[in-house]
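The values are calculated or read from the model by the stated rules, or taken from the named source; none is laboratory data. Computed from a predicted structure; not experimentally measured. Using ideal geometry, Cβ is built from the backbone for each residue, glycine included, and neighbour counts are taken over all protein chains shown. Accessible surface areas use protein heavy atoms only, side chains included; no ligands, DNA or RNA. Shrake-Rupley method; radii C 1.70, N 1.55, O 1.52, S 1.80 Å.
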Amino acid sequence: MSTTTIETTVNNGVNVAALLGAREALAKAPEAAQFKWRATVTWVGGTFSRTTVNGYYGLGSEHQHKSEFVFDADHPEVFASEDRGATPVELVLAGLASCLTAGIAAVAQVRNIQLHSVTATLEAGMDIRGILGADSDVRNGFDGVKVTYKIDADASPDDIKALVAQSQKRSAVYDILTNPTNVTVEVA
Amino acid sequence: MRTTTVIIGAGQAGLAMSWWLAERSIDHVVLERGEVANSWRTERWDSLRLLTPNWQSRLPGHRYQGDDPDGFRTMPETIAFIERYATSIGAPVRAGTTVTSVRHIADGYEVVTSQGTWQCNTVVLATGACNIPHLPAVAKAVPPGIDTLTPIQYRNPQQLAEGGVLVVGASASGTQIADELQRSGRSVTLAVGEHVRVPRTYRGRDIQWWMDASGVLDQPYDEVDDIVRARNVASLQLAGYPDRRMIDLNSLTAIGVKLVGRLAGINDGKAQFSGSLRNVCALADLKMHRLLDTIDAWVATQGGDLAIEPPRRYDPTSIEASPPLLLDFARRSVKTIIWATGFRPDFSWLDVPVVDAKGNVRHDGGVVTESPGLYVMGMPYLRRRNSTLIDGVGDDARDLSAHLAAYLGNRRQTTRAAAHAVGV
């Protein structure tokens, strides 16, 4: 029996070998799979705040991003604010969009599908009577999120649909949005 | 008491192994806590029929001879079938014998039972993959006053308290129980996670016929890309209804079952469902059509007229615009939860350290390599896709009994060589 290495020309810029290797390694050392993600926020004034992310914990030790990332958030002028940053709910959409898109690239790489372009638009509905406390039957958060992808890739329409479905199945932010999570907020 | 091989469990797997050991002249007993086909007798609901057609219950030395090859056996018929098989092959079954411990001894294993202790060289674990219902962690949060049942305890709709029912899980058990309860007049909500949608018949033949003929069911475990994933795939949404109708989420919606997402939490007397329903259905639709593509492609390579009908594709699973995310048990008068969330094997009596954190025996195609002379059968994708079907245990028993016979042969040679070396 001879072994042949199949040269793959598909390159979506995702190091899939490293990801699959990690999955195998973590099966033997599940404690290394425990991560802690962190952010710090400082109120600047009005509804404007600045959140930074840098350190996180994982694979048994502390890590730093290559540089500190900063997210400015504010409310828009229709809320009588100064609109000095994205609204927090838009940051949630950004999180979902980037998580699903990263997943599509990774799954495409595993499935040997070359991507040429991937774009999506996201829209979330919200009844603001919830956050205004005007109607206790209305929830604060989104009443639904609609994501619409446009993907140009060397694959059939069904294979592209399967990419998008699989990326939802493996997405952290999709899970965070679709399932309840215990949130504990304390004053130190 | 002493024998060469102890088989634990007198279901289809243990009996198929007994046939092969007899064929290879290996002395053995089959220990059974109840009677032959015990799980089929005591752990199935009244209306259940086998999910595989009659022809697809081939066992070593047995082929279906009846006049209804495409029918589905009821439970009494299934029990009678396995009983007849046990008798016809003269399997040395010790009924009413509960195994309480299996452990290593110097020259093999000691099997402690309610009817005495056996010493043997080799042991075959044939107690099956479905001994203990697997409940999700959220089961602990069920509010007081709600009855809970597993498919092992469920018998029929009359057994349930008045009121609505939440069925959790949409594989073979969950969908069939939801169908039966809704038709009995109950208001059923079905919580749907990942599932496997397939038509009962396709192009005029049973789906099992296609998977069998095209080799899908025979695909060996060591040729699968991701065997861990393959071993964790949920059971097919199938039912053995005499009219061969398809059961899927669309058929359940059509009779009034309410579909919701995976049960994600229970809080404050309310069940919370995942917002992922649309995606798990999209995944199931895509995978079903991929299977049908495989069948069509195979038909095209075969020539002739295997397919009785032309190819077709099914409507996507229909989901309402905004499926509910909450269910208030009190307000909706839901009085019963049925956990159709899968099963785990029970190896609590196995005192050999080969069981992983999830309760499964570590094995390589049924050979427990960490403990020579120990074998396991009936686990999902043990050696091939049909390892959990009645139809699949015969091939597994043939392969594993060959390994077992070789092991015994080598062992004897080693013992003889050792005796020779010390000048005996």
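Structure above, values below:
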read-out	value
Tally, over segment B:185-209, of residues that are away from chain A (no Cβ under 14 Å), outside any strand (DSSP E or B) and either open to solvent by less than 10 Å² (accessible area, probe 1.4 Å) or within 29 Å of B:Q56 (Cα to Cα) (or both)	8
B:R103 open to solvent by 40 Å² or more (accessible area, probe 1.4 Å) and not hydroxyl-bearing (S, T, Y)	yes
Subset tally (residues that are under 22 Å from the mean Cα position of the chain (by Cα), over 20 Å from B:L21 (Cβ atoms) and not small (G, A, S)) for segment B:62-95	13
Odd one out for B:Q182, checked against (1) surrounded by fewer than 18 Cβ atoms within 10 Å (Cβ to Cβ); (2) among the polar types (S, T, N, Q); (3) over 22 Å from B:N386 (Cα atoms)	(1)
Output for segment B:224-276, where each listed residue is β-branched (V, I, T) and in a helix (DSSP H, G or I)	B:I227, B:V228, B:T253
Some residue of segment A:29-36 being open to solvent by less than 50 Å² (accessible area, probe 1.4 Å) and either more than 23 Å from the chain's Cα centre (by Cα) or at pLDDT 95 or above (or both)	yes
Within segment B:294-382, strands (runs of 3 or more DSSP E) holding 3 or more residues that are under 30 Å from B:G108 (Cβ atoms) and touching a strand residue (DSSP E or B) at 6+ places or on another chain (Cβ under 7 Å)	B:374-376
Criterion violated by A:N112 - all others in (1) closer than 23 Å to A:E90 by Cα; (2) within 14 Å of chain B (Cβ to nearest Cβ); (3) open to solvent by 80 Å² or more (accessible area, probe 1.4 Å); (4) in contact with a Ser or Thr (Cβ under 7 Å, 6 or more places away or on another chain) satisfied	(1)
Helices (runs of 4 or more DSSP H) lying entirely in segment B:1-95 (those with 2 or more residues that are among the small types (G, A, S))	B:12-23, B:75-88
Answer residue from segment A:133-158, given it is within 11 Å of chain B (Cβ to nearest Cβ) and farther than 18 Å from A:V92 by Cβ and is surrounded by the most Cβ atoms within 10 Å (Cβ to Cβ) among those	A:D158
Test: residue in segment B:166-175 that is touching a residue at least 60 places away in the same chain (Cβ under 8 Å), over 23 Å from B:T388 (Cα atoms), assigned by TED's automatic domain parsing to the domain that holds B:D248 and open to solvent by less than 20 Å² (accessible area, probe 1.4 Å)	yes
Conditions (1) within 26 Å of A:D127 (Cα to Cα); (2) loosely packed, with under 10 Cβ neighbours inside 10 Å; number of the one not met by A:S67	(1)
In segment A:159-177, residue farthest from A:W37 (Cα to Cα) [restricted to those that are within 10 Å of chain B (Cβ to nearest Cβ) and touching a strand residue (DSSP E or B) at 6+ places or on another chain (Cβ under 7 Å)]	A:V164
Subset of segment A:178-188 [open to solvent by 80 Å² or more (accessible area, probe 1.4 Å) and either at the interface with chain B (Cβ under 10 Å from one of its Cβ atoms) or not polar (S, T, N, Q) (or both)]	A:T181, A:N182, A:V183, A:V185, A:E186, A:V187, A:A188
Selection within segment B:112-164 - outside any loop (DSSP other than H, G, I, E, B), open to solvent by less than 40 Å² (accessible area, probe 1.4 Å) and polar (S, T, N, Q)	B:T113, B:T122
Filtered residue count, segment B:257-275, keeping only those that are in contact (Cβ under 8 Å) with a residue 40 or more places away in the chain and either open to solvent by less than 20 Å² (accessible area, probe 1.4 Å) or more than 9 Å from chain A (Cβ to nearest Cβ) (or both)	13
Single unsatisfied condition, A:V78 versus (1) surrounded by fewer than 10 Cβ atoms within 10 Å (Cβ to Cβ); (2) touching a strand residue (DSSP E or B) at 6+ places or on another chain (Cβ under 8 Å)	(2)
Matching residues in segment A:159-170 - criterion: being in contact (Cβ under 8 Å) with a residue 60 or more places away in the chain and open to solvent by 80 Å² or more (accessible area, probe 1.4 Å)	A:R170
Segment A:75-95 residues that are in a helix (DSSP H, G or I), paired with ones that are open to solvent by less than 40 Å² (accessible area, probe 1.4 Å) (beta carbon under 7 Å, 6 or more apart)	A:P88/A:A73; A:V89/A:A124; A:L91/A:A73; A:L93/A:A124; A:G95/A:V173
The listed residue being modelled with pLDDT under 95 and closer than 30 Å to B:R200 by Cβ, out of B:D305, B:D356	B:D305
Matching residues in segment B:21-43 - criterion: being free of Cβ contacts under 8 Å to residues at least 60 places away in the same chain and of a type in the set (D, E, K, R)	B:D27, B:R41
Leading residue by the ranking (farthest from B:D296 (Cα to Cα)) among those in segment B:313-338 that are open to solvent by 40 Å² or more (accessible area, probe 1.4 Å) and within 29 Å of the chain's Cα centre (by Cα)	B:K335
